Amino acid sequence: MPDLILTDEILCKLAENGELRGINPKLQDDGTMFWQARLFVRASVVSVGTFSTPLDAINAVRHQANVEWSLNFSDAELFWKDGRVRVRGIAFSSTVLGDSWNVFLTQDRARYPVGSYPDLLSAINARDHAERMFGVQHYRDEFEKQVEKRVQERVAAYKAERDRETREKVRRRFQNKYNRKISTRNNSGVTGVCAHKPSGKWQAYINVDNKRKNLGLFDSFDEAVTARRQAERGVIDRGS
């Protein structure tokens, strides 16, 4: 994590959300807000006072710790347990593409991503906006759509690879048949083409799944060969 600079603006935003240790927002009967401030020091809880703005409450805690208690505490040590900054719904991430603050909303102990931001203040604003304008269900639905999309892409890729392998096997099988020595009973020199003596024409045929399929009778040898080649390509394209 980079050196974390907790500006007054960040602290006030978190105080307004009740996320600072010892700074608690309270609503008065007339609808106005005030902040109660407490200081946690040496296993004791010390009441600091009640203030009209979050910044006044924050500065009062700083003053109580640094002046009256003579403790040189950082803001992280004052307002977070064990001095470790933990902001709800925000986590720091360092990747090869650079540092970022990842924002997520939580429901049923599951995290649903909102986005990544370059600094903590932007992340806090994005989290507050996401909660206020959309809500966790929106991001849960979007996340589940993305998961389903990835599943469909993997299934499609698997089917495409499976089909490619099937076509390749069929192609090799027919290629091997083509490369075999022509039967001594063949009178044309081309597999699947033979002279049809009763009609005086050329007959084309092909074997599919060990069954012979006649392709027709043709006046010329070239026409019969063409019909046989087209039948071979058709069987390979169908993957059968």
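The values are calculated or read from the model by the stated rules, or taken from the named source; none is laboratory data. Please read all numbers here as calculations on a predicted model, not as lab measurements. With ideal geometry, Cβ positions are generated from the backbone for all residues, glycine too; neighbour counts draw on all protein chains shown.
Pairs are defined by a Cβ separation below 7 Å, a sequence spacing of at least 6 or placement on different chains, a first member in the range 204-215 that is small (Gly, Ala, Ser), and a second member that is outside any strand (DSSP E or B); the pairs so defined are Ala204/Gly192; Ala204/Ala224; Ala204/Ala227; Ala204/Arg228. Of the strands (runs of 3 or more DSSP E) entirely within the range 33-116, those holding at least 3 residues that are without any contact (Cβ under 8 Å) to a residue 60 or more places away in the chain and farther than 30 Å from Lys145 by Cβ occupy 33-41, 44-51.
This table checks each residue for (1) under 26 Å from Phe134 (Cβ atoms); (2) outside the structural domain of His138 (by TED's automatic domain parsing); (3) small (Gly, Ala, Ser); (4) modelled with pLDDT under 90.
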| site | (1), (2), (3), (4) |
| --- | --- |
| Thr32 | no, yes, no, yes |
| Ala37 | no, yes, yes, no |
| Ala43 | no, yes, yes, yes |
| Val48 | no, yes, no, no |
| Phe51 | no, yes, no, no |
| Leu55 | no, yes, no, no |
| Ser70 | no, yes, yes, yes |
| Ser94 | no, no, yes, yes |
| Thr106 | yes, no, no, no |
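Is it the case, given these coordinates, that Ala227 is in contact with a Ser or Thr (Cβ under 7 Å, 6 or more places away or on another chain) and modelled with pLDDT of 80 or more? In short, no.
Only one of these is assigned to a helix (DSSP H, G or I), at pLDDT below 80 and farther than 30 Å from Pro113 by Cβ: Val190, Val170. Name it.
Values: Val190 fails: assigned to a helix (DSSP H, G or I).
The unique qualifying residue is Val170.
Residues in the range 194-228 that are among the polar types (S, T, N, Q), under 59 Å from the mean Cα position of the chain (by Cα) and in a loop (DSSP other than H, G, I, E, B): Asn210 alone.
Within the range 15-32, the set of residues being farther than 30 Å from Ser70 by Cα and not in a strand (DSSP E or B) comprises Gln28, Asp29, Asp30, Gly31, Thr32.
Selection of the range 150-169 for residues being out of contact with any Gly (no Cβ under 6 Å at 6 or more places or on another chain) and among the hydroxyl-bearing types (Ser, Thr, Tyr) yields only Tyr158.
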